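Each value in this text was obtained by applying a stated rule to the coordinates, not by laboratory testing. It should be emphasised that the depicted structure is a prediction, and the values quoted were computed from it without experimental measurement. Quick reminder, even Gly has a Cβ in these numbers, built from the backbone with ideal geometry, and neighbours come from all protein chains shown.
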Amino acid sequence: MKKIIKNAGLAMAAMAFVFVVGSTNAAAQNMSGTVTTKEIKFAKGKHEATVQGSARYARSYVYTLGAKAGQTMNVSVSAKNRELTFSVIAPDGETLEDGFAVTEWSGKLPQNGKYQIVVVMNDENGGSVPFTLKAKIK
């Protein structure tokens, strides 16, 4: 009897493993195509850019821009839905201080390279939300 219970336990563990792995693969498949990446380019002689977009829940909108260490960057996003936020990611992949899930951010940049401004819609019932993203580097 003890041996049967052990084998039943192993079978249950194996089924749980298959379920988790299967769920993870399904989740990964559902995540494909949910990230949109665009580069922010400043007009010649300008240090400020405005981007218009529309965000949906469970999608990420990544805006990249090049900057140098020591420069100051100001970023803001405006939308009718307050659940639309952004995060600022440094070239090394680290989120900048006070730069996670915000609607306004300003700070001195720590390194040279491509920075990412990741816009997300956190309201699953919000539908498609138009937004304006402003970025300024000086």
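Which aspartates and glutamates, on any chain, are close to LYS134 with Cα under 18 Å apart, when same-chain ones fewer than 8 places away are left out?
The reachable aspartates and glutamates, counting only those whose Cα sits under 18 Å from LYS134, are GLU39, GLU48, GLU83, ASP98, GLU104.
Mind giving me the FRET efficiency for VAL51 and LYS138? R0 is 22 Å, r the Cβ-Cβ distance, nearest 0.05 is fine.
0.75
Can you list the aspartates and glutamates whose alpha carbon is less than 15 Å from that of LYS44, not counting same-chain residues fewer than 8 positions off?
In chain and number order, there are no partners.
Quick one: if you stick a label point 7 Å off each Cα along the C-beta vector at LYS38 and PHE100, how many nm between them?
For the pair LYS38/PHE100, the computed spacing is 2.7 nm.
Cα centroids of segment 104-138 and segment 54-80: how far apart, whole angstrom?
Going from one Cα centre to the other spans 2 Å.
Computed from the mean reciprocal separation of all distinct C-alpha pairs, what Kirkwood hydrodynamic radius does segment 37-128 have, in Å?
Evaluated over segment 37-128, this radius sits at 13.7 Å.
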